[in-house]
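The values are calculated or read from the model by the stated rules, or taken from the named source; none is laboratory data. What you see is a predicted model, and the numbers here were worked out from it, not measured in a lab. Cβ coordinates were reconstructed from backbone atoms using ideal geometry, including for glycine residues, and neighbour counts include every protein chain displayed.
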Amino acid sequence: MNEGVRVEAAAARIVPALRDMVRDLDLTTDELMAFVAWLGDVAASGELVLLSDVLGISRMVDDQTHAGAGGTASNVLGPFYVAGAPWIGNPGSIVRTEDDGDAITVRGCVTDAATGAPLDGAIVDVWHANSAGAYSNEDSTVGRWHLRGRQIAAADGSYSIDTVRPLHYTVKHDGPVGRLLETLGRHPWRPAHVHLMVTAAGYAPLVTQVYVANTPYLDDDTIGGVKPELVASVADGSLRFDIALAPEKAALAAAAG
Ligand code: BEZ
Ligand code: FE
């Protein structure tokens, strides 16, 4: 276990809560063994983070990690990020394989959250699902970098990325986490969104998502990721999303409490 992880404090909360649950529900040995087998299956299937996602814990921890940092709200990274996406011009396109979805432009300005000054040279790394709800690393018929790219913000902080409108999609639900969702009567859908990772020298990196207004599952995201301030409308073919980055010092001070 890494140093600095509050194992004792966490155990002091989790263990009594688990023991209370076992006592209150009068759990049997068969039920305990079934739970242990399921949890082992979650780990063996590489679904531990997905479990944290659908339990709403990833969102909570992300919020807590960035609380008080200032600037645009953060959001979970998700499993589909691939580092090193190709650079595109500004304006530029991330459509690398034909997609008959609606053409849209994701655009906005990157600014300093404290002063409002434009951040010339900020890097906007974008990735999202296609018009059928699939990421490039799930769809062997499209190129590796389809709907992924990095762009450098212009002198006025503007960025402009031509793409296609993403569709809502399901998280992985053919394994043990899917069985949990089914048992709980829950669906596996996420609303349509675009992921962004925005960085600039001297500023805290931002990982976030912009959600497309008036689309399914906005009020019922299976990972509970939606925040009202991250919902934007498509108007005149543009999904406008301005981004404010917190100066590194302010973000570090907030994290230190
Ligand atoms: C995503 O937004 O890509 C995502 C986040 C958590 C779980 C699955 C997918
Ligand atoms: Fe996603």
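Residue-wise test of (1) within 22 Å of P79 (Cβ to Cβ); (2) assigned to a strand (DSSP E or B); (3) of a type in the set (D, E, K, R).
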| site | (1), (2), (3) |
| --- | --- |
| V124 | yes, yes, no |
| N130 | yes, no, no |
| R150 | yes, yes, yes |
| D156 | no, no, yes |
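For the stretch 126-144, what are the residues that are closer than 19 Å to Q209 by Cα and either in contact with a strand residue (DSSP E or B) (Cβ under 6 Å, 6 or more places away or on another chain) or buried (at least 18 other Cβ atoms within 10 Å of the Cβ) (or both)?
Answer for the stretch 126-144, where residues must be closer than 19 Å to Q209 by Cα and either in contact with a strand residue (DSSP E or B) (Cβ under 6 Å, 6 or more places away or on another chain) or buried (at least 18 other Cβ atoms within 10 Å of the Cβ) (or both): V126, W127, H128, A129, N130, S131, G133, A134, Y135, S136.
Take the stretch 102-133 and flag every residue that is more than 22 Å from the chain's Cα centre (by Cα) and under 19 Å from V234 (Cα atoms).
D102, A103
From the residues in the stretch 51-78 that are over 18 Å from P205 (Cα atoms) and free of Cβ contacts under 8 Å to residues at least 40 places away in the same chain, which one is nearest to ligand 1 (Cβ to nearest atom)?
The residue in question is S52.
Go through the residues of the stretch 162-179 one by one and say whether even a single one is among the polar types (S, T, N, Q), surrounded by fewer than 17 Cβ atoms within 10 Å (Cβ to Cβ) and part of a strand (DSSP E or B). Walk me through how you get there before you give the answer.
As a first pass, look at the stretch 162-179 and keep what is among the polar types (S, T, N, Q): 163, 170.
Adding the requirement that they be surrounded by fewer than 17 Cβ atoms within 10 Å (Cβ to Cβ) leaves 170.
Add one more test, that the residue is part of a strand (DSSP E or B), and what stays is 170.
Yes.
Across the stretch 63-82, what is the number of residues that are over 15 Å from the mean Cα position of the chain (by Cα) and surrounded by 15 or more Cβ atoms within 10 Å (Cβ to Cβ)?
3
Applying the selection to the stretch 87-101, what residues are surrounded by 13 or more Cβ atoms within 10 Å (Cβ to Cβ) and either in a loop (DSSP other than H, G, I, E, B) or within 16 Å of ligand 2 (Cβ to nearest atom) (or both)?
I88, N90, P91, I94, V95, R96, T97, D99, G101
Is at least one residue of the stretch 170-189 within 29 Å of D112 (Cβ to Cβ) and touching a Leu at 6+ places or on another chain (Cβ under 7 Å)?
Looking only at the stretch 170-189, we keep the residues that are within 29 Å of D112 (Cβ to Cβ), and these are none.
No, that holds for no residue.
Here's the yes/no breakdown for (1) among the aliphatic types (A, V, I, L, M); (2) within 24 Å of A254 (Cβ to Cβ); (3) in a helix (DSSP H, G or I):
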position	(1), (2), (3)
A11	yes, no, yes
P16	no, no, yes
M33	yes, no, yes
A37	yes, no, yes
D41	no, no, yes
D53	no, no, yes
G68	no, yes, no
S74	no, yes, no
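Being surrounded by fewer than 16 Cβ atoms within 10 Å (Cβ to Cβ), modelled with pLDDT of 95 or more and small (G, A, S) narrows it down to one of A213, A244, so name that one. Before you say what the answer is, go through the steps one by one.
Numbers: A244 fails: surrounded by fewer than 16 Cβ atoms within 10 Å (Cβ to Cβ).
Every option except A213 fails the conditions.
Could you give every pair whose Cβ atoms fall below 6 Å, whose first residue belongs to the stretch 185-204 and is within 16 Å of ligand 2 (Cβ to nearest atom), and whose second residue is among the acidic types (D, E), counting only separations of at least 6 or pairs across chains?
So the pair list comes out as R190/D221; P191/D221; M197/D125.
From the residues in the stretch 116-151 that are among the charged types (D, E, K, R) and more than 12 Å from ligand 1 (Cβ to nearest atom), which one is nearest to M197 (Cα to Cα)?
If we filter the stretch 116-151 for residues that are among the charged types (D, E, K, R), which is where we start, we get 120, 125, 138-139, 144, 148, 150.
Next, from what is left, pick out any that are more than 12 Å from ligand 1 (Cβ to nearest atom): 120, 125, 139, 144, 148, 150.
Working: D120: 16, D125: 5, D139: 22, R144: 18, R148: 11, R150: 9 Å.
This residue is D125.
Just to be sure before I move on: is G108 among the small types (G, A, S), modelled with pLDDT under 95 and touching a Ser or Thr at 6+ places or on another chain (Cβ under 8 Å) in the structure I sent?
Values: among the small types (G, A, S): yes; modelled with pLDDT under 95: no; touching a Ser or Thr at 6+ places or on another chain (Cβ under 8 Å): yes.
Against the criterion (among the small types (G, A, S), modelled with pLDDT under 95 and touching a Ser or Thr at 6+ places or on another chain (Cβ under 8 Å)), G108 does not qualify.
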